[in-house]
Amino acid sequence: MSHLALDVSASSTGWMVWFEGDIREKFSTPKWLKVLDVLKLSATSSNWRVFDGTSVAHGAWALKSEWSREGEPHAKLHSNLAVLHDFAPFEHIIYEQPLAAQHRGQATNAGNDILVELVGHVKSFAFAYHCRSIQDLHRASWQRDFIGPQKRGTKRKTITDLYVERARHLGFQFRKPDEAAAIGLMTYGLGSRNITPPWLKDEVLRPMMMGAR
């Protein structure tokens, strides 16, 4: 029963997959070499972990640049999801829902529009690949669970620093904050289904995150 968590963004989409089996067995199998290259995974990389009978891997995809053509980010997202599904056939998808217009001051711009489009593409991928479920999580809900309640008006950078700190405290190593967001989404999404993630089982005392009340 494999799960995928996504922090969708045109500039950098963070992802995390949790699946059954030992990921190390794939590193020495020739059929996976090209897939591993696309996912930036290797025996010496730090973006994977093995637990008792299960494995996790995580990373970030840059989908859009100033030179991207119309539709290119959507195509990249589909291609990367297909590669990841081939590597670890996920059945459940967890993602952060885009902020509703009323929560961003009724603002609309190209960045907001493409985010909604990319999330729609995730939904269509889930349907086409017969995923068993797709779960959207509100930003405030997963962040409150992952880093604790914060004061109203806390800056976004402070929130980001806190969930990066929490993810590292749980033993994860990563290069981009979007990966930490995916880790937080996965952690909360599994917990909401009464599944205890293996990376939480050894956490005896949850740290008090700086910036919390």
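The values are calculated or read from the model by the stated rules, or taken from the named source; none is laboratory data. Predicted model only: the values in this text are computed from it and were never measured. With ideal geometry, Cβ positions are generated from the backbone for all residues, glycine too; neighbour counts draw on all protein chains shown. Ligands, DNA and RNA are excluded from the accessible area calculation, which covers all protein heavy atoms including side chains. Shrake-Rupley method; radii C 1.70, N 1.55, O 1.52, S 1.80 Å.
Structure values in brief
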quantity	calculated
Any hit, the stretch 48-59, residues being at pLDDT below 95, more than 27 Å from Gly191 (Cβ to Cβ) and not in a helix (DSSP H, G or I)	no
Flag if His3 is more than 17 Å from His121 (Cβ to Cβ) and modelled with pLDDT of 95 or more	yes
Which numbered condition Ala128 misses (of (1) surrounded by 12 or more Cβ atoms within 10 Å (Cβ to Cβ); (2) at pLDDT 95 or above)	(1)
Enumeration of residues in the stretch 169-188 that are assigned to a helix (DSSP H, G or I), closer than 17 Å to Ala5 by Cβ and open to solvent by 20 Å² or more (accessible area, probe 1.4 Å)	Pro177, Asp178, Tyr188
Qualifying position, being under 30 Å from Gly71 (Cβ atoms) and surrounded by fewer than 21 Cβ atoms within 10 Å (Cβ to Cβ), among Val8, Val17, Val50, Val38	Val38
Top-ranked residue in the stretch 86-96 [being buried (at least 19 other Cβ atoms within 10 Å of the Cβ) and closer than 17 Å to Ile23 by Cβ; ranked as farthest from the chain's Cα centre (by Cα)]	Phe87
Inter-residue pairs, beta-carbon under 8 Å, first over 18 Å from Pro177 (Cβ atoms) and in the stretch 35-53, second open to solvent by 50 Å² or more (accessible area, probe 1.4 Å) and modelled with pLDDT of 95 or more, 6+ apart	Val35/Asp86; Ala43/Arg24; Val50/Arg24; Gly53/Glu20
Criterion violated by Ile195 - all others in (1) in a loop (DSSP other than H, G, I, E, B); (2) hydrophobic (A, V, I, L, M, F, W, C); (3) out of contact with any strand residue (DSSP E or B) (no Cβ under 8 Å at 6 or more places or on another chain); (4) within 21 Å of Thr13 (Cβ to Cβ) satisfied	(4)
Residues that are under 21 Å from His3 (Cβ atoms) and either touching a residue at least 24 places away in the same chain (Cβ under 8 Å) or acidic (Asp, Glu) (or both), drawn from the stretch 64-81	Leu77, His78, Asn80, Leu81
Residue in the stretch 82-90 that is within 21 Å of Arg139 (Cβ to Cβ) and assigned to a helix (DSSP H, G or I) present	no
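Let's see how each residue does on (1) out of contact with any helix residue (DSSP H, G or I) (no Cβ under 7 Å at 6 or more places or on another chain); (2) closer than 27 Å to Phe90 by Cα; (3) among the β-branched types (Val, Ile, Thr):
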| residue | (1), (2), (3) |
| --- | --- |
| Ala126 | yes, yes, no |
| Leu137 | no, yes, no |
| Gly148 | yes, no, no |
| Leu170 | no, yes, no |
